[in-house]
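J.: Sharing a structure here in structure tokens format.
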Amino acid sequence: MRQQSLLRHAGQRLLGVLPTLLLLITVVFFLMRIAPGGPFDSEKALPPDIQANLEAKYHLDEPLLQQYFRYLGQILVLDFGPSFQYKDWTVNELIAQGFPVSLTIGGFAMLLGFLVGVTVGVLSALRQNTAADYATMGFAMLGVSIPNFVVAPVLILLFAVYAGWLPAGGWDGGWRSAVLPVITLALPVIAYIARLMRGSMIEMLHSNFIRTARAKGLPEWHVILRHALKPALLPVISYMGPATAALITGSVVIERIFAIPGLGSYFVQGALNRDYTLVMGVVIFYGFLIIMLNFIVDMLYSILNPKIRYEER
Amino acid sequence: MSKFFRHRRCYALQILLLCLLAPGPAMAEPLRRGLGPEPDSLDIHQAQGLAALQVLRDTHEGLLSLDAAGELMPGVAESWRQSDDGLRLEFTLREDAQWSNGDPLTADDFIRGWQRALAPESQARTASLLLPVRGAQAVIEGRAAAATLAISAPGPHRLSVELERPTPWFLELLTHPVTFPLHAQLGASVRERPVNGAFLLQEHVPRAYLRLQRNPRFHSVHEVALEQVEYVPIEDPGTELSQFRAGALHITETIPPGRHDWLAENYADALRVAPYMGSFWLGLNLSRPPLANKPGLRRALSLAIDREVLTRVVMGAGEQPAWSLVPDGLAGYQTPQEPARRWSDQQRLQRARTLYERAGYSEQKPLRIQLRFNTSATHRRMAVAVAAMWKQALGVRTELLHEEWKVFVNNRAQGTLTQVFRGGWIADYADPVSFLELFRSDDALNSSFYRNQDYDQLLEDAATAAAGQRLALLRQAEQLLLRDTPVIPLYTYVSRHLVDPRVRGFINNPRDVHLSRHLTLGAP
């Protein structure tokens, strides 16, 4: 019975994705066009005939509404069109090149952040208010508050320039070029998850069902791993949905400092260059990912937390 | 699964053994060059950015090329002749020139390229460089067919070009990618088209690297030392510097702002700073108050800026202070002498104050003015310093406005909001005209809205004058321009690179073009 209503709920949620995406596309499409300046504006104005031909090529000479519906039509067949800025590539090609890189780095950073963060958080909660707890939480506070554009150059200086163990940046697809960016990206995630985990773990350890479990004489590790950990993970899980989406679509700062060809820079470069198609492409892609990941988080929630049920109304 | 891994490990072991046993290096080390931003296009007609042009000069070749010192040298054309009136050029092409797929390279490939560049439907971004060719204006405006362009092939290896008027810098334009030959095979994607340069594009991962391999069919392949060149797009100069320090780059595209002195101390043998044919200035909008019709006030603003302090202390990347528009030494041109250059600071400021007061401003009634620039840390430093100098010397109240590049460019071109704005120019060709024509009354880039018929006439006279007279007329024009002060020249650009001492053949030059075919990489 529960499974059935879960499926029904999943179906409803998935149906809700479409209007959300449509709204996103519409808002971004018109916002981009409102921004002053166009993709072909540069220091040197183009001869008028060339400008006109360029606009015709990208259909910018059509009325805005017609452009909008043309774009919607393209999206239906998953064609994001050619990039204005990187003229030799289509937006699909750019996403196909950039996403695996961002996914690799962001994915590993999330994994590292989750594993280390949860472990540190649990240990901290178990040793609440001891020196070790204060030390790790102080460290976590530092991790949250030191921005990555400070951490990254320091890591580069230490491990690449002075020690020479790892590359100073760039991307050749190998693991060595991923180490420093993954660590830099993971540090704030570790810190954030550790703090979340510690808080919710402490709360769990003081709740009645844990007291009951202990009173039954269960071994402490059993109480923690089997009974406390699962519900304590809930806030972490709900944080992880959007955080994962943000991490695997690339970080502008990390990509710039480590010269990594991920997706993140396209948001900024695309917007600054008025590369309409590129911005639309990455925004839709990002929007889709974040909706899907939130959906997955919701589903995980109902599996982890028996209190959440999707009953029929 | 485990079998798979065992297999893989075995494979890796074999490679390792092979590497250890192989006699000497099997593959030469590639030369790794920083490129700045990702190239906007590798289509010779679509490329605009310097990064793209740099790569295209390695993978393609025009009628002329540039030697290691950045001077003109024969390219696909082995010789050329110019008629006495300068209007007709005859090129003889190398018979051994060929495309990377083995097709012979003939005069028709150049005709095809130029016609396509100018045809409006091909949307070539830099086509206007070809305007000196007779008939080009009509073609680019769509008034005439591309075939009417005055370029013809008297034979498969002979090319004849007629010009609209004598253009002393025309030969230099023939090293620009928009004038390169075009293979008939157009349908394929840009990356698969045949090329005719010293290198072939082997692999291109956007924003990661462009791997170039020596082209065995290049006519002078025996003179090309490098087997592989890797261009690495790195937007952040700080990152580029780290990579250079870590040994991952041999040549950087630039150096980070403010690091010049540190690098001069710690990387003296690698730092290369040299004059570059670009100028940086503040433009003044002459079509609006408060600067319209006030040459004295404009001059006061110019005199109040201490270029020495600005370049040495504020910018700190080796820029050269400038009092004139055209960088010194372009094509034998001598910039007009600015008297203020020899004045003491006190004299200069005294003169500035006098002019400022004569224009009707004072402590009690200060000039309020807007200084507009595009968002960038470097420009902000410049703007803050200039505003401080104006305030200190004259009491001017400056409002600093920064705008995103696209917005800034539009506002500057329209001129309905601007008062003082950031300006600058990097010459398309090494001739003073490249700078001076920006202030012709009808020039689209004249965002100062400077209108002076005498100035226009001087440029016109120079265009038709004999070679000896030309530079003198241009000098007069610049003198006039500086007197009217529609711009405040601040400094001339420099090219800045870090070059690994192992790299040979890298010669500083004002065009800042360093073709990979002239470079070699010594043993570590």
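The values are calculated or read from the model by the stated rules, or taken from the named source; none is laboratory data. A quick note: this is a predicted structure, and the numbers were derived from the prediction, not measured. Every residue, glycine among them, receives a Cβ derived from its backbone with ideal geometry; neighbour counts consider all protein chains shown.
J.: Looking at residue A:40, is it closer than 22 Å to residue B:127 by Cα and surrounded by 16 or more Cβ atoms within 10 Å (Cβ to Cβ)? Spell out how you get there, then give the answer.
T.: On the way: closer than 22 Å to residue B:127 by Cα: yes; surrounded by 16 or more Cβ atoms within 10 Å (Cβ to Cβ): yes.
Yes.
J.: Still on this structure, please answer the following. Could you count how many residues in region B:391-426 are in contact (Cβ under 8 Å) with a residue 40 or more places away in the chain, more than 25 Å from residue A:38 (Cα to Cα) and in a loop (DSSP other than H, G, I, E, B)?
T.: 1
J.: Let me ask something else about it. Can you tell me which residues in region A:43-61 are in a loop (DSSP other than H, G, I, E, B), farther than 23 Å from residue B:415 by Cα and either among the acidic types (Asp, Glu) or within 8 Å of chain B (Cβ to nearest Cβ) (or both)?
T.: Step one: of region A:43-61, the residues in a loop (DSSP other than H, G, I, E, B) are A:43-47, A:58-61.
From the residues that got through so far, the ones that are farther than 23 Å from residue B:415 by Cα too are A:58-61.
Correct list: A:61 only.
J.: Okay, moving on. Name the residues in region A:62-91 that are more than 11 Å from every other protein chain (Cβ to nearest Cβ), among the small types (Gly, Ala, Ser) and surrounded by 19 or more Cβ atoms within 10 Å (Cβ to Cβ), would you?
T.: A:81
J.: Right, another one. Can you report the number of residues in region B:462-518 which are of a type in the set (S, T, N, Q) and under 23 Å from the mean Cα position of the chain (by Cα)? Outline the logic, then answer.
T.: Within region B:462-518, the subset of a type in the set (S, T, N, Q) is B:464, B:469, B:476, B:479, B:485, B:492, B:495, B:508-509, B:516.
Filter again for under 23 Å from the mean Cα position of the chain (by Cα), leaving B:492, B:495, B:508-509, B:516.
Residues meeting the conditions: 5.
J.: Here's another thing I want to ask about it. Cβ-Cβ below 6 Å, separation at least six or inter-chain, first residue in region B:138-149 and away from chain A (no Cβ under 11 Å), second part of a helix (DSSP H, G or I): which pairs?
T.: B:144/B:138; B:146/B:115; B:146/B:139; B:149/B:115; B:149/B:139
J.: Looking at region A:153-165, which of its residues are facing another protein chain (nearest Cβ under 9 Å) and within 28 Å of the chain's Cα centre (by Cα)?
T.: Hits for region A:153-165 are A:153, A:156, A:157, A:160.
J.: Filter region B:235-257 down to the residues that are surrounded by fewer than 17 Cβ atoms within 10 Å (Cβ to Cβ) and more than 28 Å from residue B:40 (Cβ to Cβ) and list them by number.
T.: Within region B:235-257, B:247 is the sole residue that qualifies.
J.: For region A:102-216, please list each of the helices (runs of 4 or more DSSP H) lying entirely inside it that holds at least 2 residues being among the aliphatic types (A, V, I, L, M) and surrounded by fewer than 14 Cβ atoms within 10 Å (Cβ to Cβ).
T.: Working: elements: A:131-145, A:148-155, A:176-205, A:208-215.
Here the list reads A:131-145, A:148-155.
J.: Kindly check whether there is at least one residue in region A:236-250 that is closer than 17 Å to residue A:286 by Cα, in contact with a Gly (Cβ under 7 Å, 6 or more places away or on another chain) and within 14 Å of another protein chain (Cβ to nearest Cβ).
T.: Checking region A:236-250: at least one residue is closer than 17 Å to residue A:286 by Cα, in contact with a Gly (Cβ under 7 Å, 6 or more places away or on another chain) and within 14 Å of another protein chain (Cβ to nearest Cβ).
J.: Would you check if there is a residue in region B:207-219 being part of a loop (DSSP other than H, G, I, E, B), surrounded by 16 or more Cβ atoms within 10 Å (Cβ to Cβ) and aliphatic (A, V, I, L, M)?
T.: Just the residues of region B:207-219 that are part of a loop (DSSP other than H, G, I, E, B), to begin with: B:207-208, B:215-219.
Next, from what is left, pick out any that are surrounded by 16 or more Cβ atoms within 10 Å (Cβ to Cβ): B:207-208, B:215, B:217-219.
Next, only the ones that are aliphatic (A, V, I, L, M) stay: B:208.
Scanning region B:207-219, I find at least one residue that is part of a loop (DSSP other than H, G, I, E, B), surrounded by 16 or more Cβ atoms within 10 Å (Cβ to Cβ) and aliphatic (A, V, I, L, M), so the answer is yes.
J.: Does residue B:238 satisfy the criteria of being farther than 30 Å from residue B:295 by Cα, touching an Asp or Glu at 6+ places or on another chain (Cβ under 9 Å), among the small types (Gly, Ala, Ser) and within 14 Å of chain A (Cβ to nearest Cβ)? Let's see the steps before the verdict.
T.: Working: farther than 30 Å from residue B:295 by Cα: yes; touching an Asp or Glu at 6+ places or on another chain (Cβ under 9 Å): no; among the small types (Gly, Ala, Ser): yes; within 14 Å of chain A (Cβ to nearest Cβ): yes.
In short, no.
J.: What number of residues within region A:262-277 are over 18 Å from the mean Cα position of the chain (by Cα) and either more than 9 Å from chain B (Cβ to nearest Cβ) or assigned to a helix (DSSP H, G or I) (or both)?
T.: Within region A:262-277, the subset over 18 Å from the mean Cα position of the chain (by Cα) is A:269-277.
Now drop any that are not either more than 9 Å from chain B (Cβ to nearest Cβ) or assigned to a helix (DSSP H, G or I) (or both), which leaves A:269-272, A:275-277.
Number satisfying all stated conditions: 7.
J.: Give the number of residues within region B:355-372 that are in contact with a strand residue (DSSP E or B) (Cβ under 9 Å, 6 or more places away or on another chain), part of a loop (DSSP other than H, G, I, E, B) and among the charged types (D, E, K, R). First the steps, then the outcome.
T.: First, pick out the residues of region B:355-372 that are in contact with a strand residue (DSSP E or B) (Cβ under 9 Å, 6 or more places away or on another chain): B:366-372.
Next, only the ones that are part of a loop (DSSP other than H, G, I, E, B) stay: B:366-367.
Still in the list and also among the charged types (D, E, K, R): none.
So the count comes out to 0.
J.: Which of (1) surrounded by fewer than 20 Cβ atoms within 10 Å (Cβ to Cβ); (2) touching a strand residue (DSSP E or B) at 6+ places or on another chain (Cβ under 7 Å) is the odd one out, the single condition residue A:252 does not satisfy?
T.: The one condition residue A:252 does not meet is (2).
J.: Sticking with this structure for a sec: Would region A:198-216 turn up any residue that is at pLDDT 90 or above, within 14 Å of another protein chain (Cβ to nearest Cβ) and out of contact with any Asp or Glu (no Cβ under 7 Å at 6 or more places or on another chain)?
T.: No - not one qualifying residue is present in region A:198-216.
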